[in-house]
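These notes are about the structure you will find just below.
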Amino acid sequence: MPYMGSSSRKRPVQRMNSARRQLEIVNAAFDCIAVSGHLSLSTTELAYKVGISQPAIFRHFRSKQQLHRAILEEANLRVVDELKSLISRSEMWSDPGSLIIDVVAQMGESFERSPGVWLTLICQRSIAAEAELPSEEQNGRSNKCAISQLTYALERLFIAAKDKGQANEKLAPRDVSNIILSVLFGMGQIWLNSDRGFDLQQRLEIALKGILVGYHFLPGQPTRAMPMSAIA
């Protein structure tokens, strides 16, 4: 009887250790992705980085597909959580134009801090296919998808900006949201390919200002009656 009691008490500890080890493996995967710039993960390299044997990885993940699924889910969760914490401040919605700038700046800072996470999101369609996820998740249409959530948040903010007279009536929220995300992803990859040789947030701010000026957009005040010369 004492032996059985001792064994049952150990089980929760083993589960906790397994969860921590899984997260450690996923974090190591993000580091490898950030260094290599692609998602071709070597489990041998991953095991070396974590400090375990290669077979030990598959004691925590049943297959490489399950590992890919965990990497993708964690990447989406982290960015969605950051986005929610930023746009949940209701007082900021009184000036949606400024909140748009804050969101893009925060995502740029996040890219600099966790490039492996963002590269995972950029290439999530291919990794989702490898993980054999449902088609809606492979195509980025799931409500767990950070890119779709970010696109939706920017669309809502641009609609609010139009309602407050901060943007041209002809502005198409979805189009400009997609343009901004393309700049974020493209600039982030250039930053990585240049060995992080420039200030990513500064470049994104310059690019964003150019996009917003092109749409007769000025945070903090209405722009419908404002001539382009005043904005430029």
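The values are calculated or read from the model by the stated rules, or taken from the named source; none is laboratory data. These numbers come from a predicted model, not from an experiment. Counting neighbours? That spans all protein chains shown, and the Cβs are built from the backbone with ideal geometry, glycine included. Please note that ligands, DNA and RNA were not included when accessible areas were found on the heavy atoms of the full protein model with its side chains. Shrake-Rupley method; radii C 1.70, N 1.55, O 1.52, S 1.80 Å.
Of T120, T44, the residue with the largest accessible area leads and the full order is T44, T120 (1.4 Å probe).
Between S98 and A172, the contour length at 0.36 nm per residue exceeds the alpha carbon distance by 24.8 nm.
Along the range 208-215 the Karplus relation, 6.51 cos²θ - 1.76 cosθ + 1.60 evaluated at θ = phi - 60°, assigns HN-Hα couplings of 5, 4, x, 5, 5, 4, x, 9 Hz to successive residues, with x for each Gly and Pro. Net charge near Q189, counting Lys/Arg +1 and Asp/Glu -1 over other residues with Cβ under 14 Å of its Cβ? Computed value for this residue: 0.
Taking all protein chains together, V213, V104 sort by accessible area into V213, V104, largest first [probe 1.4 Å].
For the range 146-159, backbone phi angles converted through the Karplus equation (6.51, -1.76, 1.60; θ = phi - 60°) give residue-by-residue couplings of 5, 5, 5, 5, 5, 4, 4, 5, 5, 4, 4, 5, 5, 5 Hz, Gly and Pro being listed as x.
One chain, two ends: R20 and R89. Fully extended at 0.36 nm per residue, the span grows by 21.7 nm beyond their Cα-Cα distance. Taking all protein chains as present, what is the carbon and sulfur share of the accessible area of the range 39-95, in % to the nearest whole number, probe 1.4 Å? Within the range 39-95, the accessible surface is 51 percent carbon and sulfur. Under 5 Å from the amide H of A172 lies no amide H of any residue 5 or more positions distant or on a separate chain, with H modelled from the backbone and absent for Pro and chain starts. Accessible area ranking (1.4 Å probe, heavy atoms, ligands and nucleic acids excluded), largest first, for R125, R69, R59, R203: R59, R125, R203, R69. Backbone geometry of the range 177-188 corresponds, through the Karplus equation with coefficients 6.51, -1.76 and 1.60 at θ = phi - 60°, to 3J(HN,Hα) couplings of 5, 5, 4, 5, 5, 4, 5, 4, 5, x, 5, x Hz, x marking Gly and Pro.
Given K49/K84; K84/K144; K144/K170, which pairs have Cα atoms separated by over 21 Å? Violating the 21 Å Cα-Cα cut-off are K49/K84; K144/K170. Summing charges over all other residues whose Cβ lies under 12 Å from the Cβ of G97, with Lys and Arg as +1 and Asp and Glu as -1, gives 0.
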